[in-house]
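A quick write-up on the structure given underneath.
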Amino acid sequence: MLEVSDLPKRLLDLGRHYPDAKSDIVAEVVVSILSSMSGDLSSREAALLHEIGSLGQAVATTRLEIAALGVDDITVSYIPCANDELDAIVAHTASATESILEVCETLDALGSAMDGVAARQLQDATMKIYEACSFQDITGQRITKVVHTLKTIETTIARIVQTFAPVTGALEPVVRAPDVSLLNGPQLPATAMDQSDIDALLASFD
Amino acid sequence: MSINHSVNVLIVDDYKTMLRIIRNLLKQIEFDNVDEATDGTDALAKLRAGNYGLVISDWNMVPMTGLELLQEVRRDPKLKTLPFIMITAESKAENVVSAKQAGVSNYIVKPFNAETLKGKIEKVLGNA
């Protein structure tokens, strides 16, 4: 008759038998032990066994859920694909902006050979185009933030999957230099400080 | 306000498009002596070798950021009083405060217009 006190020995034996034991093997062990248990158990031992049983069930359920999710599709296909799409957006907007700036510089050259009201109007118009073209810088920075987010999701998924394989060592925490930690990127319009907010903040130092 | 428009200006940004935009806006507000750098390290080398009267820099660059460039400029006995304007999308209060503490002359948030650029340059060069 197997007693609870035999549990550590049984697990050690199995560990020696299966040095590369995976979570499914552990689950098997749990089921095997539970099915062979009988006799009187103290309430504490029964609670412990119940916890072990729940843990085994949770592991099995999570494995099924991860299998159903198709994580390989996410990490191998969807996220790299999304990154490629975003890279393409950055490349296309950069190329379009270069073209617009070239035309604008041509208009500027024409304007400098003119006099009077028309020349001033042309200069005002080209100035507004230059100002508007800075969208490419802002959208580029926003897209970079999204790419970082996708990479974080990818890493998180890899970590979850890794918990079902033998642990090879903890991942090193990412250490950021103090200045780099200040790189917040463009803020969303609803929460951003505008130029007048910044002017007021700067003035508060004087 | 009488401003010296012949001053040598160094613009620093890792986005070529942005350098082109700032250069053209500076041209329209009559600053023609404009040089470019694509990161802080490049900018610092140019500043130490050249004779500039104004720096306009982005913050978010590698390997040396705009804030690190500003800190290096303020540490350098030859450059420490050089007017330095940060034009950046980094608009959180903590960024503005850090830049001010590092000795920034003025701070412009992207996207900006030519009028803001002109106003800040006049203020900075007027006080220089």
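Calculate the mean, over all residues of peptide A:128-136, of how many other protein chain Cβ atoms lie within 10 angstrom of the residue's Cβ. Show your work: numbers first, answer last.
Values: counts 2, 2, 10, 10, 3, 6, 12, 3, 4.
Mean shielding by partner chains, rounded to a whole number: 6.
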For the stretch B:1-35, residues shielded by at least 50 square angstrom of accessible area compared with the chain on its own, probe 1.4 Å:
B:TYR15, B:THR17, B:ARG20, B:ILE21, B:ASN24, B:GLN28
Roughly to the nearest percent, how much of the accessible area of the stretch A:70-165 is carbon and sulfur, given a 1.4 Å probe?
64 percent
Got a sec to turn the phi values of the stretch A:103-118 into Karplus ³J(HN,Hα) couplings, 6.51 cos²θ - 1.76 cosθ + 1.60 with θ = phi - 60°, whole Hz, x for Gly and Pro?
4, 4, 5, 5, 4, 4, 4, 5, x, 5, 8, 10, 10, x, 4, 4
Accessible-area loss of at least 40 Å² (1.4 Å probe, chain alone to full protein assembly) applies in the stretch B:73-97 to B:ALA89, B:GLU90, B:SER91, B:LYS92, B:VAL96
Could you tell me the largest-minus-smallest coordinate of the C-alpha atoms of the protein assembly as shown on each of the three principal axes, in descending order and whole angstroms?
104, 42, 36
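Say R0 is 30 Å: what FRET efficiency, to the nearest 0.05, do A:ALA68 and A:THR139 get from their beta-carbon distance?
E(calc), rounded to 0.05, equals 0.25.
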Quote to one decimal, in nm, the extra length available between A:ILE52 and A:ASP13 on full extension: 0.36 nm per residue of separation minus the C-alpha distance between them.
12.2 nm
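At a 1.4 Å probe, what is the % contribution of carbon and sulfur to the accessible area of chain B?
Numbers: 2430 of 5320 Å².
Here carbon and sulfur together make up 46 percent of the probe-accessible area.
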In terms of modelled amide H atoms, which long-range or inter-chain residues lie less than 5 Å from the amide H of B:ILE87?
B:SER57, B:ASP58, B:ILE108
In deg cm²/dmol, rounded to the nearest 500, the helical mean residue ellipticity at 222 nm of the protein assembly as shown, built from -39500 (n - 2.57) for every DSSP H run of length 4 or more, is -20000 deg cm²/dmol
Would you work out if the stretch B:9-119 is rounded, prolate or oblate? Take a ≥ b ≥ c from the square roots of the eigenvalues of the alpha-carbon gyration tensor; rounded if a/c is under 1.5, else prolate when a/b is larger than b/c, oblate otherwise.
rounded
Filter the cross-link list B:LYS92/B:LYS118; A:LYS128/B:LYS80; A:LYS145/B:LYS120; B:LYS46/B:LYS92; A:LYS151/B:LYS120; A:LYS128/B:LYS100 down to pairs whose alpha-carbon distance in this structure exceeds 27 Å.
A:LYS128/B:LYS80; A:LYS145/B:LYS120; B:LYS46/B:LYS92; A:LYS151/B:LYS120; A:LYS128/B:LYS100
Report, as an integer, the average count of C-beta atoms from other chains found within 10 Å of each Cβ along A:185-198.
4
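In Å², nearest 100, what accessible area do chains B and A bury in total when the solvent probe is 1.4 Å? Please report the intermediate quantities before stating the final value.
Working: alone 7020 and 15510 Å², together 19110 Å².
Interface area, both chains combined: 3400 Å², rounded to the nearest 100.
Using mean Cβ contacts within 10 Å as the protection proxy, how do A:197-205, B:55-63, A:65-73 order, highest first?
B:55-63, A:197-205, A:65-73
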Using the Karplus curve 6.51 cos²θ - 1.76 cosθ + 1.60 with θ = phi - 60°, work out ³J(HN,Hα) for each residue of the stretch A:95-100 in order, rounded to whole Hz, and write x for Gly and Pro.
5, 5, 5, 4, 5, 4
Can you tell me the accessible area per residue over the protein assembly as shown, all protein chains present, probe 1.4 angstrom, in square angstrom?
57 Å²
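Loop-only check: which trypsin sites (Lys or Arg not before Pro) in the stretch B:50-128 are DSSP coil with at most 12 other Cβ within 10 angstrom?
Listed in order of number, the matching sites are B:LYS78, B:LYS80.
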Past the 18 angstrom mark, what percentage of all C-alpha to C-alpha distances in the stretch A:70-165 do you count?
62 percent
Between B:GLU94 and A:ILE100, with labels modelled 7 Å along Cα→Cβ, what's the label distance in nm to one decimal, could you check?
3.2 nm
Expected sort for B:40-47, B:26-33 on mean C-beta neighbours within 10 Å, highest first, is B:40-47, B:26-33
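The values are calculated or read from the model by the stated rules, or taken from the named source; none is laboratory data. Nothing here was measured: the structure is a model prediction, and the numbers come from that model. Ideal geometry is used to build each Cβ from the backbone, glycine not excepted, and the neighbour counts take in all protein chains shown. Side chains are part of the model used for accessible areas, which takes the heavy atoms of the whole protein and leaves out ligands, DNA and RNA. Shrake-Rupley method; radii C 1.70, N 1.55, O 1.52, S 1.80 Å.
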